[in-house]
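The structure appears right after this line, and notes come after that.
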Amino acid sequence: MAVNDSTNVSGTLSDNNSNGTDLFKGQVTINPGGTWDFSGNDSPEFRGGLKYNGASFNSGAGIYEFTTNNQDLSGSNQIVFDASIDVNTITLKIKQISGVKSTGALTSTGGNWVNDVNSILRYDKVSPVNTIMGGNLDASANGNTVIYGGSGTQKISPNSDYYNLILKVPEPNQAFRISTFCMI
């Protein structure tokens, strides 16, 4: 499926098949009451951003690619990605107060991930994790927060400035070890 203009979901958009291609050239908006269901583990490509105000978001386990144009992840509800997110040579900006949570890998091929004012990124990738991005993470905007909360070994993105940085130990008896930490 290829959509050349914007996509507005008021009911359910469901892809329960991992075959084929899903390309969204315009902004995808999941409206209040709307459902995004990619339980078929397909890998959608976005070129116009994603706005989530809906009732249900099931990312599935495919790779979510953001390519071609600078884009925003926005909306009134938290977007939870169980899938990996790849930011490919663009700037992807989180512009929502309730935030983005990822349990999949966050990768980049020359791209930039930007946490806008008062936005939240919660990164709960299960070990092993080498870094949050292969590109750049800008988390310096006023009031934004980055939370590292995955289990096992995590490395904090080294090329980043953080406004609020939270390091969480996901299990009660698990140790949290910081091998190198520099505050300026």
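Phi angles across region 42-56 convert, under the Karplus curve 6.51 cos²θ - 1.76 cosθ + 1.60 with θ = phi - 60°, into 3J(HN,Hα) values of 6, 10, x, 10, 10, 10, x, x, 9, 10, 10, 10, x, 9, 8 Hz, Gly and Pro given as x. Taking only the Cα atoms of region 48-124, the ratio Rg/Rh comes out at 0.92, with Rh defined as the Kirkwood radius. Each residue of region 61-75 was assigned a 3J(HN,Hα) from its phi angle through the Karplus expression (A = 6.51, B = -1.76, C = 1.60, θ = phi - 60°), giving 10, x, 8, 8, 9, 10, 9, 6, 10, 4, 9, 10, 9, 9, x Hz with x at Gly and Pro.
Residues whose amide H falls under 5 Å from that of Asp138, counting only those 5 or more places apart or on a different chain, are Trp113, Val114, Asn115, with hydrogens built in the peptide plane. Backbone amide hydrogens, once placed in the peptide plane, bring Phe81 within less than 5 Å of Lys101, Ser102, Thr103, excluding anything fewer than 5 places away on its chain. Summarised as an ellipsoid, region 2-167 has semi-axes of 24, 17, 15 Å, derived from the eigenvalues of the Cα gyration tensor scaled by 5 and square-rooted, with the largest first. Amide H contacts of Thr12: Thr35, each under 5 Å away and 5 or more positions distant or on a separate chain (H built 1.01 Å from N in the peptide plane; Pro and chain starts excluded). Taken one residue at a time, the phi angles of region 77-94 give Karplus couplings (6.51, -1.76, 1.60, θ = phi - 60°) of 10, 5, 9, 10, 9, 8, 8, 7, 10, 10, 9, 10, 6, 10, 10, 10, 10, 7 Hz. Gly and Pro are set to x.
Quick note: the coordinates plus some simple rules give every number you see, no bench work behind them. Bear in mind that the values here come from a model prediction, so they are computed numbers and not experimental data.
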